[in-house]
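Trainee: I have a structure I would like to understand better, so I am pasting it below and will then ask my questions one at a time.
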Amino acid sequence: MRLPQGKIPVDILKEVVFRNLGASRQEVAVGPSVGVDGAVIDVGDKSLIVSMDPITGAVERIGWLAVNVNANDIATFGVEPAFLFSCILLPDGALKGLVETISSQMNIAAQNLGVAIVGGHCEVTPSLAKPIVVCCIIGLTEKGKYVTASGAEAGDRLILTKTAGIEGTAILATDREKELEKTMSTMDLQNAKIFYERISVVKDALTAYRTGGVHAMHDPTEGGVTGGINEMADASHLGVKIFEEKIPVASETVKICKHFRLDPLQLISSGALVISAEPKTANKIIRSLKLSRIQASLIGEFLENANERVLVSKNGETRTLPRSTSDHLWTALNR
């Protein structure tokens, strides 16, 4: 079986990866599971929140993305990211300047978030075509004081911060600039490039969690907004109903997706955050986010029936909530 680019399919995770997890340790409070992007390790009266992700599809801002994408995973637990380890893999013929660029990007991103880079590894890897940066990040909280993506409840309202396809928009505007110049204005392209500045959801997640009433949070990365919502529903064993017209999509994202014939809802969306909240507190969370100058929209709700995954289109028709086998970013990058 040939695997698609991007995340390993869920069935292979369950059939292969999750059956090979080494020894059992009593300190592991939350281990590997579908839709949950981190582990929880209890040590004394503290819980360590640990997550790891690679950056493989971007080049120009790879160090910046590596720090922020990993910090996002910790923040979705309602916990501040604190410590980071990195593994930087460089292609044959890489120059010192590439190391300086990646390291300086990581330094700036980590300083902005209050994260200490405490160790890692850096090497030139034979046969590698482009740099890859893998990070492992850790947050620290009082024991049990966190939420996971598996905590959503039937009837919860779904809140989305910012817009769909943020990371994909930034990557394509930067790495495919020459091609996009044919169909987009210089101003639109420049605006799309600075979508990198929207990548962090640390403020989004901590603001929502501290407001109260949050049952679960998840950042939609590969697979886009619809993929992230499906993962959250998987983790919580629930169904979901989403209203397409309620999901904001920036004009720059619309233009880029039109050029590459992509669905913005299935384009990698780091920078957006999906929040599952008690119905009575959903509006309060939205107000708190907006007071912090974070765009927030109510886009749907979780349902009791786990097999009911519905997207209501703008014309009122319903269809199954899309779940891409490969993020639409790869579709564009492979053309």
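Read the figures in this text as sums done on the coordinates, not as results from a lab. Keep in mind that what you see is a predicted model, and the values were worked out from it rather than measured. In this analysis, Cβ positions are derived from the backbone assuming ideal geometry, glycine residues included, and neighbour counts consider all displayed protein chains.
Trainee: Filter the trypsin sites (Lys or Arg not before Pro) in the stretch 196-284 down to the DSSP loop ones having no more than 14 other Cβ atoms within 10 Å, then list what survives. Working shown, then result.
Mentor: Working: sites: ARG198, LYS203, ARG210, LYS241, LYS246, LYS255, LYS258, ARG261, LYS280, LYS284; in loops: ARG261, LYS280.
Those satisfying the criteria are ARG261, LYS280.
Trainee: Report the Rg/Rh value for the stretch 59-206, based on alpha-carbon coordinates and the Kirkwood definition of Rh. Don't skip to the answer; put the middle values down first.
Mentor: On the way: Rg = 17.4 Å, Rh = 17.1 Å.
Value, to two decimals: 1.02.
Trainee: Please sort 60-68, 116-124, 166-174, 300-308 by packing, taking for each peptide the average over its residues of neighbouring beta carbons within 10 angstrom, highest first.
Mentor: Details: 60-68: 25.3, 116-124: 13.0, 166-174: 28.8, 300-308: 15.9.
Final packing ranking: 166-174, 60-68, 300-308, 116-124.
Trainee: When the gyration tensor of the stretch 149-333 is built from Cα positions, what are the square roots of 5 times its three eigenvalues, in whole Å, from largest to smallest?
Mentor: 28, 19, 13
Trainee: Please report the equivalent ellipsoid semi-axes of the stretch 10-142, computed as sqrt(5 x eigenvalue) of the Cα gyration tensor, largest first, in whole Å.
Mentor: Numbers: eigenvalues 151, 76, 29 Å².
The answer is 27, 19, 12 Å, longest axis first.
Trainee: Also, quick follow-up: Pop out the ³J(HN,Hα) list for the stretch 9-14 in order, Karplus 6.51 cos²θ - 1.76 cosθ + 1.60 with θ = phi - 60°, rounded to Hz; leave Gly and Pro as x.
Mentor: x, 4, 5, 6, 4, 5
Trainee: Counting other Cβ atoms within 10 Å, which trypsin sites (Lys or Arg not before Pro) in the stretch 93-181 have at most 14 and lie in a DSSP loop? Mind dumping the intermediate values first?
Mentor: Details: sites: LYS96, LYS143, LYS145, ARG157, LYS162, ARG176, LYS178; in loops: LYS143, LYS145, LYS162, ARG176.
In loop regions of the stretch 93-181 (DSSP not H, G, I, E or B), the sparsely surrounded trypsin sites (Lys or Arg not before Pro) are LYS143, LYS145.
Trainee: Compare the Cα positions of THR76, HIS237, GLN295 along the charge dipole of the chain (+1 at Cβ of Lys, Arg; -1 at Cβ of Asp, Glu; about the Cα centre) and return the one farthest towards the positive end.
Mentor: GLN295
Trainee: For the chain, what is the per residue volume of the convex hull drawn over the alpha-carbon atoms, in cubic angstrom? The partial results should precede the final answer.
Mentor: Values: hull volume 50.4 nm³, N = 335.
Per residue, the Cα convex hull of the chain comes to 150 Å³.
Trainee: Report the gain in length on full extension from SER127 to VAL43: 0.36 nm times residue separation, minus Cα-Cα distance, nm rounded to one decimal. The partial results should precede the final answer.
Mentor: Details: separation 84, 0.36 × 84 = 30.24 nm, distance 4.05 nm.
Here the answer is 26.2 nm.
Trainee: Could you grab the relative contact order for the chain? Cα pairs under 8 Å, six or more apart, rounded to a whole percent. All intermediate terms of the calculation are to be shown ahead of the outcome.
Mentor: Values: 751 pairs, mean separation 73.5, N = 335.
Averaging sequence separation for qualifying contacts and normalising by length gives 22 percent for the chain.
Trainee: Cα centroids of the stretch 255-319 and the stretch 1-25: how far apart, whole angstrom?
Mentor: Result: 27 Å between the Cα centres.
Trainee: Size of the dipole of the chain about the Cα centre, Lys and Arg at +1 and Asp and Glu at -1 on the beta carbon, nothing else charged, in debye to 20? Show your work: numbers first, answer last.
Mentor: On the way: 35 positive and 38 negative charges, 119 e Å.
Result for the chain is approximately 580 debye, rounded to the nearest 20.
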